[in-house]
Ligand code: SF4
Ligand code: SF4
């Protein structure tokens with residue numbers, strides 16, 4: 001089964017909520033293949049959450065697995081995953097939960113899924129500190145209130161339609177939400193940052209937050225510059241071009 005881009009269409013706002021017809025994460029946790037990390041991504045001891053899952057539906061008679069006991073989880077609650085989200089998606093302390101097969105699992109409460117649409121969708125990428133970014137050249141401030149996030153996201157999507165075409169050969173794909181222009185996913189950081197060893201994960205976070213910020217030039221090329229240089233360069237772009245990113 002596809003790992004993404006297949007969503008149930010039985011809710012009026014399914015394009016925003018994006019509930020899948022089958023959650024690979026829930027299957028993996030319920031069967032004991034992996035367990036939830038603080039980010040809600042599924043991880044495995046020794047690998048963290050930098051893994052990809054797929055699911056096969058079969059009529060084969062297989063022995064069901066059992067969930068991994070909490071004390072044996074790979075996740076040490078270091079919360080580096082939360083600190084690595086440019087959009088601030090995850091609560092540092094509040095939890096949410098899901099009950100699967102009579103057992104309740106907890107992980108970080110998310111402020112609003114629209115934040116991930118905004119950042120992972122590639123429409124913005126600058127962390128609120130202004131010191132690092134994802135691969136998106138967008139520089140929007142993400143509002144606190146959920147409804148305001150959607151308003152700002154729709155404004156960003158309209159501007160995104162006028163961004164120059166990228167010239168780096170990245171493949172991108174067409175998403176039903178923005179059918180007229182290719183979308184380039186620019187995040188996934190909360191998943192790929194966690195390598196199953198706190199030392200490695202901390203180093204990944206250091207690299208992420210010290211590698212500068214991305215800008216897009218009028219010819220469509222992307223450039224990575226140290227944060228202060230990127231801020232100065234951005235301020236010096238033509239006003240019409242600059243307005244497409246903030
Ligand atoms: S980064 Fe830390 S808190 Fe987040 S999933 Fe990995 S081990 Fe858990
Ligand atoms: S994919 Fe990126 S934007 Fe989405 S929750 Fe993870 S870190 Fe945040």
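The values are calculated or read from the model by the stated rules, or taken from the named source; none is laboratory data. The model shown is predicted, which means the values in this text are computed figures rather than measured ones. As a convention, Cβ positions derive from the backbone with ideal geometry for all residues, glycine included, and neighbour counts pool all protein chains shown.
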Residue pairs meeting the criteria (Cβ under 7 Å; at least 6 apart or on separate chains; first more than 25 Å from residue 113 (Cβ to Cβ), in the range 151-173; second surrounded by 13 or more Cβ atoms within 10 Å (Cβ to Cβ) and at pLDDT 95 or above): 162/244; 164/216; 166/222; 168/222
On the given criteria, is residue 224 in contact with a strand residue (DSSP E or B) (Cβ under 6 Å, 6 or more places away or on another chain), surrounded by fewer than 15 Cβ atoms within 10 Å (Cβ to Cβ) and closer than 20 Å to residue 165 by Cα? yes
Does residue 131 satisfy the condition of being within 15 Å of ligand 1 (Cβ to nearest atom), assigned to a loop (DSSP other than H, G, I, E, B) and touching a residue at least 60 places away in the same chain (Cβ under 8 Å)? no
Looking for whichever is loosely packed, with under 14 Cβ neighbours inside 10 Å and either within 16 Å of ligand 1 (Cβ to nearest atom) or within 13 Å of residue 192 (Cα to Cα) (or both) here; the options are 37, 46, 65. Which one fits? 46
Can you name the condition, by its number, that residue 100 falls short on among (1) touching a residue at least 60 places away in the same chain (Cβ under 8 Å); (2) within 16 Å of ligand 2 (Cβ to nearest atom); (3) farther than 30 Å from residue 148 by Cβ? (2)
Count - residues of the range 159-198 that are within 28 Å of residue 131 (Cβ to Cβ) and either surrounded by 11 or more Cβ atoms within 10 Å (Cβ to Cβ) or within 19 Å of the chain's Cα centre (by Cα) (or both): 25
If residue 71 satisfies all but one of (1) touching a strand residue (DSSP E or B) at 6+ places or on another chain (Cβ under 9 Å); (2) free of Cβ contacts under 8 Å to residues at least 12 places away in the same chain; (3) within 16 Å of ligand 1 (Cβ to nearest atom), what's the number of the condition it fails? (1)
Evaluate the following for residue 112: is it at pLDDT below 95, in contact with a helix residue (DSSP H, G or I) (Cβ under 7 Å, 6 or more places away or on another chain) and farther than 28 Å from residue 31 by Cβ? yes
I'm checking my understanding of the structure. Among residues of the range 56-80 that are under 21 Å from the mean Cα position of the chain (by Cα) and within 19 Å of residue 26 (Cβ to Cβ), which one is nearest to ligand 2 (Cβ to nearest atom)? 75
Mind checking which pairs have a first residue in the range 49-66 that is at negative phi and a second that is assigned to a loop (DSSP other than H, G, I, E, B) and away from ligand 2 (no atom under 16 Å from the Cβ), Cβ under 6 Å, 6 or more apart or different chains? 55/1; 65/31; 65/32; 66/32
Flag for residue 102 being touching a helix residue (DSSP H, G or I) at 6+ places or on another chain (Cβ under 8 Å) and either modelled with pLDDT of 95 or more or away from ligand 1 (no atom under 16 Å from the Cβ) (or both): no
Extreme residue, farthest from residue 230 (Cα to Cα), among residues of the range 134-150 that are surrounded by 13 or more Cβ atoms within 10 Å (Cβ to Cβ) and free of Cβ contacts under 8 Å to residues at least 24 places away in the same chain: 148
I need the full set of residues from the range 144-200 which are farther than 21 Å from residue 15 by Cβ and within 16 Å of ligand 1 (Cβ to nearest atom), in order please. 189, 190, 191, 192, 193, 194, 195, 196, 197, 198, 199, 200
